[in-house]
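In what follows, a structure is listed as structure tokens, so that the remarks can point back to it.
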Amino acid sequence: MESSPFNVETAFTIGPLAVSWPVVVTWGIMAFLTAVSFIITRRLSLKPGRAQAVLELIVSTLDSEIRETVAGNPARFRPLIGTLLIFILAANWTSLVPGVEPPTAHLETDAALASIVFLASIFWAIRSQGVGGWLGSFVRPSWLMLPLNVIGQITRHFSLMIRLFGNVMSGVFVISIVLSLAGLLVPIPLMALEMLTGAVQAYIFATLALVFVGSAVSEAATENEPKQKGTEA
Amino acid sequence: MNDFIQITSVIAATFAVAFGALGPALAEGRAVAAALEAIARQPESAGTISRTLFVGLAMIETTAIYCLVVSLLLLFANPFTQ
């Protein structure tokens, strides 16, 4: 029987601090992505080479996606959303490396990512509406909605966490079960499916994060302007 | 006593996944059917429709994932069998 998906194995200990494998893999992914970005952007030229062209394509696609969801300058959200998208994509696809388990298949990583989005949405809401406006958004349209609004704020970030965890973990779990039944070549179609799921989940996480963060900003925009089409979660 | 709890947990986990998958499956079928119809009618807006479809499908799928997590909790992290 496989070990529980809720357990994490300790890689090594620094004094009293136990460092688990997902943390090691996470730092590895972060180092890899940082190194790649640094190497490509170190010598930017006006006539882009192959790597720079790919990077520019990624950034411009990201910008157009952000612009379609939230009106205004996409550069405000690009660092957060782009990092989330690329990191989760890389993390989900680490299952292709033999012996490495995706860090997103553990609840702790997803909880960290979802709390980043949670704090970012509060930050943007306060920044665009002020503290009073942010607290006021909980009692709109009436006082009766206060508990529902508070619960809704928390559960949508909770479901963000559970969605990523459930999808990636179930893929890893199914592959490991199939692997223990038939080892040679049989898990490959499942792994291909898992790559697709990983890409879709990364995209969905980033899109929902953008919608959550952007809904605060567009709420502020609709207060000042006449009614325009807003983005709802 | 412990055995009884484990047997019950396995049965409960099966039911959680079985019935938890039923609703989202029907809902996703409806969503995809509606999206296909819309794309057939307006192929030029296929990009917007499929983006919205993906996000919507993820939302629907969340309920099934909740059931999966609950059943895994029952199987692997059952608080009553410790």
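The values are calculated or read from the model by the stated rules, or taken from the named source; none is laboratory data. Here the structure is a predicted model, which is why all the values come from computation and not from measurement. Backbone-built Cβ (ideal geometry, glycine too); neighbour counts: all protein chains shown.
Checking every residue in region A:223-233 against the condition of being at pLDDT below 85, part of a helix (DSSP H, G or I) and out of contact with any Leu (no Cβ under 9 Å at 6 or more places or on another chain) gives at least one match. Selection of region A:174-210 for residues being facing chain B (nearest Cβ under 9 Å) and aliphatic (A, V, I, L, M) yields A:VAL200, A:ILE204, A:LEU208. Just one of the listed residues (B:PRO79, B:PRO24) is in a helix (DSSP H, G or I) and free of Cβ contacts under 8 Å to residues at least 60 places away in the same chain, namely B:PRO24.
Just one residue in the set A:ALA125, A:ALA112, A:ALA120, A:ALA91 is outside any loop (DSSP other than H, G, I, E, B), more than 14 Å from chain B (Cβ to nearest Cβ) and without any contact (Cβ under 8 Å) to a residue 40 or more places away in the chain; that residue is A:ALA112.
For region B:31-47, the criterion of being within 24 Å of B:LEU68 (Cα to Cα), of a type outside the set (Val, Ile, Thr) and free of Cβ contacts under 8 Å to residues at least 24 places away in the same chain is met by no residue.
With respect to A:GLY171, is the statement that it is at negative phi, among the small types (Gly, Ala, Ser), within 14 Å of chain B (Cβ to nearest Cβ) and touching an Asp or Glu at 6+ places or on another chain (Cβ under 8 Å) true?
Details: at negative phi: yes; among the small types (Gly, Ala, Ser): yes; within 14 Å of chain B (Cβ to nearest Cβ): yes; touching an Asp or Glu at 6+ places or on another chain (Cβ under 8 Å): yes.
So A:GLY171 fits the description; yes.
For region B:1-51, a tally of residues being over 23 Å from the mean Cα position of the chain (by Cα) and hydroxyl-bearing (Ser, Thr, Tyr) returns 2.
For region B:30-45, check the following and say yes or no: at least one residue is out of contact with any helix residue (DSSP H, G or I) (no Cβ under 8 Å at 6 or more places or on another chain), at the interface with chain A (Cβ under 10 Å from one of its Cβ atoms) and either on the phi > 0 side of the Ramachandran plot or not basic (Lys, Arg) (or both). No.
Checking A:ARG76, A:ARG43 one by one, the residue that is surrounded by 12 or more Cβ atoms within 10 Å (Cβ to Cβ) and among the charged types (D, E, K, R) is A:ARG76 and no other.
Mind telling me which of the residues A:PRO5, A:PRO98 ends up being crowded, with 16+ Cβ neighbours inside 10 Å, over 17 Å from the mean Cα position of the chain (by Cα) and within 20 Å of A:SER170 (Cα to Cα)? Lay out the reasoning, then the answer.
Values: A:PRO98 fails: crowded, with 16+ Cβ neighbours inside 10 Å.
After ruling out the rest, the residue left standing is A:PRO5.
A search for C-beta distances below 8 Å between a residue of region A:134-152 that is farther than 16 Å from A:PHE212 by Cα and any residue that is hydroxyl-bearing (Ser, Thr, Tyr) and in a helix (DSSP H, G or I), counting only pairs 6+ apart in sequence or on different chains, returns nothing.
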